[in-house]
Amino acid sequence: MNPFRGAFVAIVTPFIDGKVDEQGLQDLIERQIAGGTHGIVPCGTTGESATMSHAEHHRVVELTVKTVNGRVPVLAGTGSNSTSETIELTQHAKDAGADGALVITPYYNKPSQEGLYQHFKSVAEAVDIPIMLYNVPGRTSIDLAAATVARCAQVKNIVGIKEATADMNRACDVIRQCPADFAVMSGDDFTCLPLVLLGGTGVISVTANVDPQGMSDLMNAALAGDLGTAREIQYRLFPLMQSMFFDTNPVPAKKALELMGKIRSAVPRQPLWTMDDDALQKMLPVLKEQGLI
């Protein structure tokens, strides 16, 4: 069975005085595993990979793999807008012992669909590790078409996609065109239940940073076909899911974790900034209602 199934957390990277808080990261990973999270995704968008040096990126992946110690899959973010840089980061993830690599569409330089296919094919052929594509056009300004995903799915070690368009029409098209064992995971928490009902395999979640048990329970129920329980959890968590985007991700998630006493500092890397006060005042009652603070 494809291992990319269930509720994976796109884990935040805690910083203290601008440096990675290694003990803080280890503590977050332990909390995730105790909460039933099915997989850990370091160095994704939520982990602020765009502002990490290569040395920091390498260290966070290595520390995550070491801390997880085989208990759940580690899907390391390794994407870049440079194919050669993506290959280097992906090779490092393999060498570090990660179970797979999450590779974003190249941002800013806007390749064609053929360029996207050749990019992912080059990475997959260069590094023998399971690869999950990552499509998030709202951040990258480039959209990986369903037909291109289907072409990529024919490359032997491209095994799935994180689809973050929040578009169920697109999700249906991807699932319809790809092999039955191709993992399609939601990149938007609020769409994870409908995506699973359409044949998806789970979610790579921001909300799981704050409530790992809730997200894992939701995906366990959905994947088991217990729709009554899944709907109940979905609507309970829905205000929390929304609150994680009251400001730019991962700013709200880090602030929530700080308020919960799970990280020492919510300060993100610039150019992100601390949470806007209006957004914070909207989030606080949600956290209280959820029993998190």
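The values are calculated or read from the model by the stated rules, or taken from the named source; none is laboratory data. Small disclaimer: the values here were computed from a predicted structure and weren't measured. Neighbour counts run over all protein chains shown; Cβ positions are idealised from the backbone, glycine included.
The table that follows gives values for the structure above.
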| quantity | calculated |
| --- | --- |
| Scope the stretch 129-157; condition in a loop (DSSP other than H, G, I, E, B), over 19 Å from Phe4 (Cβ atoms) and not β-branched (Val, Ile, Thr); matching residues | Ser141, Asp143, Ala145 |
| Output for the stretch 74-93, where each listed residue is without any contact (Cβ under 8 Å) to a residue 60 or more places away in the chain and either touching an Asp or Glu at 6+ places or on another chain (Cβ under 7 Å) or in a loop (DSSP other than H, G, I, E, B) (or both) | Val74, Thr78, Gly79, Ser80, Asn81, Ser82 |
| Checking Ile204 against (1) surrounded by fewer than 17 Cβ atoms within 10 Å (Cβ to Cβ); (2) more than 21 Å from Met275 (Cβ to Cβ), the condition it does not meet | (1) |
| Sole exception among (1) closer than 30 Å to Ala230 by Cβ; (2) assigned to a helix (DSSP H, G or I); (3) of a type in the set (Lys, Arg) for Arg71, by number | (2) |
| Selection from the stretch 96-135 of residues that are acidic (Asp, Glu), in contact with a helix residue (DSSP H, G or I) (Cβ under 9 Å, 6 or more places away or on another chain) and in contact (Cβ under 8 Å) with a residue 12 or more places away in the chain | Asp99, Asp128 |
| Residue in the stretch 99-110 that is nearest to Val41 (Cα to Cα), counting only those that are assigned to a loop (DSSP other than H, G, I, E, B) and in contact with a Ser or Thr (Cβ under 8 Å, 6 or more places away or on another chain) | Thr105 |
| Residue under evaluation Thr13, criteria (1) in contact with a Ser or Thr (Cβ under 6 Å, 6 or more places away or on another chain); (2) buried (at least 22 other Cβ atoms within 10 Å of the Cβ); (3) polar (S, T, N, Q), criterion not met | (1) |
| Residue count, the stretch 111-128 (criterion: among the basic types (Lys, Arg) and outside any helix (DSSP H, G or I)) | 0 |
| Residue in the stretch 158-176 that is basic (Lys, Arg), closer than 20 Å to Pro106 by Cα and outside any loop (DSSP other than H, G, I, E, B) present | yes |
| Members of the stretch 240-263 that are farther than 17 Å from Pro212 by Cβ and touching a residue at least 40 places away in the same chain (Cβ under 8 Å) | Gln242 |
| Verdict on Pro271 being at pLDDT 95 or above and part of a loop (DSSP other than H, G, I, E, B) | yes |
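Per-residue answers, yes or no, for (1) farther than 22 Å from Met132 by Cβ; (2) surrounded by 19 or more Cβ atoms within 10 Å (Cβ to Cβ):
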{"site": "Phe8", "(1), (2)": "no, yes"}
{"site": "Arg31", "(1), (2)": "yes, no"}
{"site": "Ala34", "(1), (2)": "yes, no"}
{"site": "His57", "(1), (2)": "no, yes"}
{"site": "Leu63", "(1), (2)": "no, no"}
